[in-house]
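First the structure, in the form of structure tokens, and then the observations on it.
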Amino acid sequence: MQTLQDRIRHTLEQKNAILLAHYYQRKEIQEIAHFLGDSLELARKAQQTKHDIIVFAGVKFMAETAKILNPDRKVLLPSLEAGCSLADSCPPDEFAKFKEQNPDHLVVSYVNTSSEIKAMSDYICTSSNAQKVIESIPNTRPIIFAPDKNLGHYLNKVTNRNMLLWDGVCTVHEAFSMEKMTNLKLANMDAKIIAHPESDPVVLDIADFIGSTSALLNYVINDSSEKYIIATEVGILNKMRLMAPNKKFIPAPINENNTCACSECAFMKTITLENLYTSIVEEKHEIIVEPELARKALIPLQNMINMN
């Protein structure tokens, strides 16, 4: 009997479609993805693909990025509820006013933004290349960094800059409890704390390693330690356990008591095998980006990809 995963694989092949999935997706979706990665890796892969259809198991801004990079290909997002708290924290009309108030500043936007914000930006970055992007800009140029204030604070620290920061956060990475994490560390003194730079500065201050999702994955694969407390979205633990099966991974605890006591992105989890299959079969929820907006957003996006 064919499983739903089998039917999805078969339909993808029939339609010459590629399934790109983010590390924060459900385990059963990660298992059937043609390519699994972080935001930067997925953007690169989207631009390289020759498939007719790109099915994006991620959130809306990622699917929009794929469409901007591939205007002639059909891009599908299985769930229209797959938004992003960080992207939502930076409304285009408010940001436009903020930019107008600081006309001498270059705008560096995190990829976790709407197409409208990207179109207003001079540079786009991901957590993988943000430091490199900032360091490529002369120290004499003032910078607006949007929308993640935690990532911006971290970048100011490591680059010795004083960027003007938009006041946005990722609710997933803002949820970690310092009290619970301290107690967890005391109970696991041999564990290293590793954290995504979107986390609160107090979490980053106690972290043994700070990096993007892919950097965290590579770190646990190559590091000699055997136990880690992971301060990022819990979905990455699936890949970590696969790539380093003899190591122990403990999700960093959060302030609220949810079903897994870990930090989950509810937006990412709106994509299921069922709505993924429906989206592919019916070519449902196609992502459209207005051509002039896409043209403007492509310039800083392409600069980001070329830099790498």
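The values are calculated or read from the model by the stated rules, or taken from the named source; none is laboratory data. What you see is a predicted model; the values in this text were computed from it and never measured. Cβ atoms come from the backbone with ideal geometry, glycine included; neighbour counts cover every protein chain shown.
Here are some notes:
- Matching residues, the stretch 1-42, being at pLDDT below 95, touching a strand residue (DSSP E or B) at 6+ places or on another chain (Cβ under 9 Å) and either polar (S, T, N, Q) or part of a helix (DSSP H, G or I) (or both): Ser39, Leu40, Glu41, Leu42
- With respect to the stated conditions, Ser121 fails to be touching a residue at least 60 places away in the same chain (Cβ under 8 Å), crowded, with 24+ Cβ neighbours inside 10 Å and closer than 18 Å to Pro197 by Cβ.
- When Leu217, Leu237, Leu242 are checked against the criterion of being in contact with a Phe, Trp or Tyr (Cβ under 9 Å, 6 or more places away or on another chain), without any contact (Cβ under 8 Å) to a residue 60 or more places away in the chain and over 16 Å from Asp190 (Cβ atoms), Leu237 stands alone in meeting it.
- Taking residues in the stretch 296-308 that are under 14 Å from Val133 (Cβ atoms), and partners anywhere that are acidic (Asp, Glu), the pairs with Cβ atoms closer than 8 Å and at least 6 places apart or on different chains are Pro300/Asp122.
- Screening the stretch 75-112 for residues that are in a strand (DSSP E or B) and in the same structural domain as Gln48 (by TED's automatic domain parsing) and picking the one that is farthest from Lys269 (Cα to Cα) gives Val75.
- Any hit, the stretch 158-168, residues being under 18 Å from Pro251 (Cβ atoms) and either hydroxyl-bearing (Ser, Thr, Tyr) or assigned to a helix (DSSP H, G or I) (or both): no
- Check on Val133, part of a helix (DSSP H, G or I), over 30 Å from Leu242 (Cβ atoms) and touching a Cys at 6+ places or on another chain (Cβ under 9 Å): yes
- Candidate set from the stretch 281-306 (those that are part of a helix (DSSP H, G or I) and within 23 Å of Leu19 (Cβ to Cβ)); member that is modelled with the lowest pLDDT: Ile305
- Every test in (1) of a type outside the set (Ser, Thr, Tyr); (2) modelled with pLDDT of 95 or more; (3) closer than 18 Å to Ser85 by Cβ; (4) not in a helix (DSSP H, G or I) is passed by His173 save one, and that test is (2).
- Selection count, the stretch 200-259, where residues are part of a strand (DSSP E or B) and at pLDDT 95 or above: 11
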